[in-house]
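In what follows, a structure is listed as structure tokens, so that the remarks can point back to it.
Rule-based calculations on the coordinates, nothing more; no lab input. What you see is a predicted model; the values in this text were computed from it and never measured. Reconstructed Cβ throughout: ideal geometry from the backbone, glycine too, with neighbour counts over all protein chains shown.
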Amino acid sequence: MKKRKIIAIHFLIFLVLTVTLFFGSENLLKKVAPEFNNVMFWIDLILFGTIAIFILTVISSILFIKYKK
């Protein structure tokens with residue numbers, strides 16, 4: 001695969017996972033910590049989750065580009 005295609009696929013995966021996290025984070029927070037009903041926990045979950053997804057997607061993209069041969 002070409003570098004552009006690898007990067008495009010990883011970018012789409014990042015977008016899908018981030019949107020899924022955004023819409024599913026409230027339910028996830030209710031199941032994991034039902035006693036904490038605070039907007040800051042929800043914002044932190046989205047923020048740190050997006051950062052984690054970004055880091056993992058970048059690492060995956062670099063590995064795919066490096067070992068594409």
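Quick notes on this one:
- P(r), alpha carbons of the chain - 10 Å bins starting at zero, rounded %: 20, 39, 23, 13, 4, 0
- Against the main long axis of the alpha-carbon atoms of the chain, helix 3-32 sits at an angle near 10°.
- For segment 7-68, the list of chymotrypsin sites (Phe, Trp or Tyr not before Pro) that fall in a loop by DSSP and count at most 16 other C-beta atoms within 10 angstrom reads 36, 67.
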